[in-house]
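Written out below as structure tokens is the structure these notes cover.
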Amino acid sequence: MHKRIPEERALALQVLAGTKDFDAIREAVLAQAGAIPLSAAHPDADRLIERGNLLANWAASYSGRDIAGNHNLAVARGLAQSDFQIDLAGVLQRMAVRRFRAGQQHRRMASMIEVPNFNSYEFPTVDSDCRLLPLNDEHHQRDAASIKIFNGVSARVRTYGRSIHVSRQAIVNSQILELHQLFGNIGAHAARLEARALAELIASNPTLADAEPMFHVDHGNLITGTLGLSGLDAALGALRNQQTPGEEKADLPGAHLLVPANLEATAKSLVHQNGLGLEVHSSCWLTTANQWYVLADPSLAPVVGLMHLTGSDFPSVSPERDEKDRGGALMGAYFDFAAVALDRVGIVQVTPE
């Protein structure tokens with residue numbers, strides 16, 4: 001955001017881009033791409049779109065007033081300015097994040113975990129008898145709860161990324177729709193990466209901090225059955241009857257039904273026809289046919305988590321140095337995350353009979 005614009009930059013912006021406000025042209029680009037409604041954009045956005053050549057004019061406005069009479073040279077000079085590349089990256093990131101946000105249903109099954117850096121973090125398991133007991137007349141309780149903390153599963157955030165060259169031709173031709181599609185696809189891919197990691201983690205039956213698998217008959221969360229009302233009854237019953245570390249019944253209501261792609265229609269029909277309060281999630285990365293899962297709300301019982309850097313749970317786009325000097329702007333698209341297994345109380349796996 002340009003709070004103070006040098007005099008020559010302000011003049012070039014007005015002459016070449018047709019506005020005095022950098023926010024106006026940014027939002028005009030986003031509105032023409034369809035990333036924001038025109039009605040919600042800057043008041044000048046409509047006029048700038050009608051004027052045409054948005055990207056070219058935007059780049060040219062960063063060149064300074066000394067070459068305002070030579071538009072092609074102004075575009076070339078503006079493209080090379082770090083300020084323009086930073087602002088362009090911000091717009092492209094908004095395009096990516098918009099599609100990313102549209103593919104986030106899987107996050108409702110997971111606990112969102114913020115960490116400050118890329119170091120490895122451990123998520124310990126707490127074993128305790130935390131039942132509240134009746135007090136005597138003096139409001140004293142002699143038996144104090146003992147807490148055991150086991151070493152937890154370790155995980156660290158990893159970076160996934162790709163460099164994308166935005167050519168000078170794309171800027172000169174104002175190929176806003178094409179750029180929106182390209183960076184929107186990057187955002188959609190980031191969402192798929194996260195969803196895949198979560199599904200594959202659950203399907204792998206990960207080993208938890210107690211050196212035991214997440215799913216096992218001894219833990220009461222591995223049963224057999226088919227996806228129907230009776231099978232769902234059994235799964236929901238198992239979820240409520242799971243034992244906490246303090247050997248109490250968890251009494252957890254089911255919130256999410258996770259099924260492989262071949263059971264999606266069956267699951268949605270089952271939930272809808274019976275008025276069940278379950279959100280259906282279907283994943284093509286659950287490769288064992290007819291194996292499905294019921295999960296509690298992660299705010300009540302976190303069993304899987306998604307780790308992100310603090311304040312950055314979305315794809316980012318930033319300028320990169322182009323060693324090949326191809327002209328245009330080289331952008332780096334990055335997504336930092338990791339999926340981690342946290343607990344088994346709150347999830348039940350149902351395998352075919």
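What follows is calculated from the coordinates using simple rules that are stated; it is not laboratory data. Because the structure is a prediction, the values reported are computed rather than measured. Here the Cβ positions follow ideal geometry from the backbone for every residue, glycine too, while neighbour counts run over all protein chains shown.
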Debye, to nearest 20: dipole size of the chain, +1 on Lys, Arg Cβ, -1 on Asp, Glu Cβ:
1400
Calculated FRET value between residue 284 and residue 14, using beta carbons and R₀ = 51 Å, to 0.05
0.50
Take every DSSP beta bridge whose two residues both sit in the chain, then give the antiparallel share in percent to the nearest 5.
75
Relative contact order of the chain, pairs being alpha-carbon contacts under 8 Å that are 6 or more residues apart, as %:
22
Work out how much length residue 334 to residue 312 would gain on full extension: take 0.36 nm times their residue separation and subtract the Cα-Cα distance, in nm to one decimal.
6.9 nm
Which trypsin sites (Lys or Arg not before Pro) does the range 1-62 hold that lie in a coil by DSSP with at most 10 other beta carbons within 10 Å?
3, 4
Using 0.36 nm per residue, how much length does the chain from residue 175 to residue 83 gain when fully extended, once their Cα-Cα distance is taken away?
31.1 nm
If you average the C-alpha positions of the range 225-293 and of the range 153-221 separately, how far apart do those two centres end up, in angstrom?
24
Distance in nm between residue 71 and residue 216 label points, each 7 Å along Cα→Cβ, equals 7.2
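So what's the back-of-envelope 222 nm ellipticity for the chain, counting only DSSP H runs of four-plus at -39500 (n - 2.57) apiece and dividing by all residues, rounded to 500?
-10500 deg cm²/dmol
Using alpha-carbon pairs under 8 Å, 6+ residues apart, how would you state the relative contact order of the range 1-80 in percent?
Averaging sequence separation for qualifying contacts and normalising by length gives 31 percent for the range 1-80.
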The range 1-80 - charge dipole about Cα centre, Lys and Arg +1 at Cβ, Asp and Glu -1, debye rounded to 20:
180
Compute the distance in nm between two label points, each set 7 Å from the Cα along the Cα-to-Cβ direction, one at residue 23 and one at residue 117.
3.6
Shape descriptor, the range 1-80: equivalent ellipsoid semi-axes (Cα gyration tensor, sqrt 5λ, whole Å, largest first) stand at 21, 13, 10
Karplus 3J(HN,Hα) series, Hz, for the range 217-223 with 6.51 cos²θ - 1.76 cosθ + 1.60 (x for Gly, Pro)
4, 5, 8, x, 10, 10, 10
With a cap of 13 neighbouring Cβ atoms within 10 Å, and only residues DSSP puts in a loop, list the trypsin sites (Lys or Arg not before Pro) found in the range 262-353.
321, 324, 326
State, to one decimal in nm, how far the label point of residue 249 lies from the label point of residue 321, with both points 7 Å from Cα in the Cβ direction.
6.5
Residue farthest toward the positive end of the dipole of the chain, with Cβ of Lys/Arg at +1 and Asp/Glu at -1: which of 54, 185, 105?
54
For the chain, just list the percent of Cα-Cα distances falling in each 10 Å bin from zero outward, please.
5, 20, 22, 17, 14, 12, 7, 2, 0, 0
